[in-house]
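Inspection log for the structure reproduced underneath, given as structure tokens.
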Amino acid sequence: MSDGDVVVALDVGGTGMKCGLIRPDGAVVHAERHPTDAGRGADAVVGTILAVAEGLAGKARAEGLTPTALGIVVPGVVDEVRGVAVWSANVGFRDVPLREVAARRLGLPTALGHDVRAGGLAEARIGAGRDAGHVLFVAIGTGIAAAHVVAGSAATGAHGAAGELGHILVRPDGPACGCGRLGCLEAIASASAVARRYAELSGSTNPAGTGSGGAPRDPADAAPDGRSADGPGAGPTMVTAAEVAGRAAAGEELATRVWREAVEALADGLATAQALFDVETIVLGGGLAQAGAGLFDPLRTALRERLTFHREPRLVPAALGDEAGCLGAALLALDQLEKR
Ligand SMILES: [Zn+2]
């Protein structure tokens, strides 16, 4: 590695791509964003990924830098060993050998990873979990997904599908989940579930476009597994999860009830995760984590109540924001170089 070395990193989401040129020390030299336009189909999205990556490598060279590797992270089920985007609802990938295709096109060593695992990797190594050897990163947005990172490496599972914390059963007779079962964690505690539940109970749903001056929808961009069909942009304008949190903090009865249901369900999920993983630090990211003390204070208490002999983990907000996935893609690219 020399001074002018950078890696090209892309975090491909259902709505947008966060991309950059990143130095080995994690410094972002250049960042850009592009729409994914997933509705065009997987082939077109792959075409855009390649064009954007090529553009970034060209930009690096034009500035006298040397692109040394490429890292791409995508949502859904990702086989990191084979470098294949196996399945994704919101981007439409079905067994796309993206690593090989991109490596051939750019002529760079390439790593393909999973968006939430890469985000967790970045938070564990250079973000909110950097002082811990055992970290669980939980992204709570449109869905809920997690990454278990031990000694700087995120477990992928045997089939590239580890960390689906959103689909553990917490309420056997609970609401229907996007995966087809009842009572999954993300059907109750994701940012979209909180907004949906509040709208249901309050009857406050307005037809799209007639709401209060285009109030922002759910700030959560994290759609960790893409299995929730109700991403931002679809359906009527609702009170967002962040607004529900705010109303709960202000003492509104209905919001307090919905928020408590979500916090309790989340505590059940995290207690299960802690029983399985025994981590030092749980890092919460995604839209819901932006609720700050309104989330963390009651959640810490609820989690503590559920732990018996298990050690209580530190519960902290994510530090890298929505750049975590892109930084994680860069880390995967750098790891790839080290292995060579
Ligand atoms: Zn589910």
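The values are calculated or read from the model by the stated rules, or taken from the named source; none is laboratory data. The model shown is predicted, which means the values in this text are computed figures rather than measured ones. A quick note on method: Cβ atoms are made from the backbone with ideal geometry, for glycine too, and the neighbour counts reach across all protein chains shown. With ligands, DNA and RNA removed, areas are computed over all heavy atoms of the protein, side chains included. Shrake-Rupley method; radii C 1.70, N 1.55, O 1.52, S 1.80 Å.
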Problem set entry | HN-Hα J in Hz across region 315-329 - Karplus 6.51, -1.76, 1.60, θ = phi - 60°, x for Gly and Pro | 10, 10, x, 4, 9, 9, x, 7, 8, 4, x, 5, 5, x, 4
Problem set entry | Computed over the chain: relative contact order in percent, which uses C-alpha pairs under 8 Å that are six or more apart | 20 percent
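Add -39500 (n - 2.57) for each DSSP H run of 4 or more in the chain, then divide by its residues: what number comes out at 222 nm, to the nearest 500 deg cm²/dmol? Present the calculation step by step, with values, prior to reporting the outcome.
Working: 9 runs with 122 residues, N = 340.
Theoretical 222 nm ellipticity from helices: -11500 deg cm²/dmol.
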Exercise. How much of the accessible area of region 50-168, in percent, comes from carbon and sulfur atoms when a 1.4 Å probe is used?
Worked result: 54 percent
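Net charge near residue 151, counting Lys/Arg +1 and Asp/Glu -1 over other residues with Cβ under 15 Å of its Cβ?
Details: positive: 117, 125, 130; negative: 123, 131, 278, 280, 335, 338.
Every neighbour counted, the sum reads -3.
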Exercise. If we count every other residue with Cβ under 12 angstrom of residue 134's Cβ, Lys/Arg +1 and Asp/Glu -1, where does the sum land?
Worked result: -1
For this session: Can you send over the carbon and sulfur percentage of the accessible area for region 233-340, probe radius 1.4 Å, protein chains only?
Result: 52 percent
Exercise. Shape of the chain from its Cα gyration tensor (a ≥ b ≥ c, root eigenvalues): rounded if a/c is under 1.5, otherwise prolate when a/b > b/c, or oblate?
Worked result: prolate
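Keeping every protein chain present and rolling a 1.4 Å probe, give me the accessible area per residue for the chain in Å². Don't skip to the answer; put the middle values down first.
On the way: 14220 Å² over 340 residues.
Ligands and nucleic acids excluded, the figure is 42 Å² per residue.
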Exercise. So how far, in whole Å, is the C-alpha centre of region 267-340 from the one of region 87-144?
Worked result: 16 Å
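Rank these by accessible area, largest first, 1.4 Å probe: 3, 268, 322. List each step's numbers first, then the result.
Details: 3 145, 268 40, 322 75 Å².
Most to least solvent-accessible, the answer reads 3, 322, 268.
Using the crude model of +1 on Lys and Arg Cβ and -1 on Asp and Glu Cβ, and no other charge, please compute the dipole size for the chain relative to its Cα centre, in debye to 20. Present the calculation step by step, with values, prior to reporting the outcome.
Numbers: 30 positive and 39 negative charges, 56 e Å.
Approximately 280 debye in magnitude.
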Problem set entry | Solvent accessible area, Å² - residue 87, 1.4 Å probe, full protein context | 80 Å²
Problem set entry | Hz values of 3J(HN,Hα) by residue in region 155-163 - Karplus curve (6.51, -1.76, 1.60), Gly and Pro given as x | 5, 9, x, 5, 10, x, 10, 5, x
Problem set entry | Length gained when the stretch residue 335-residue 81 is fully extended (0.36 nm per residue, less Cα-Cα span) | 90.1 nm
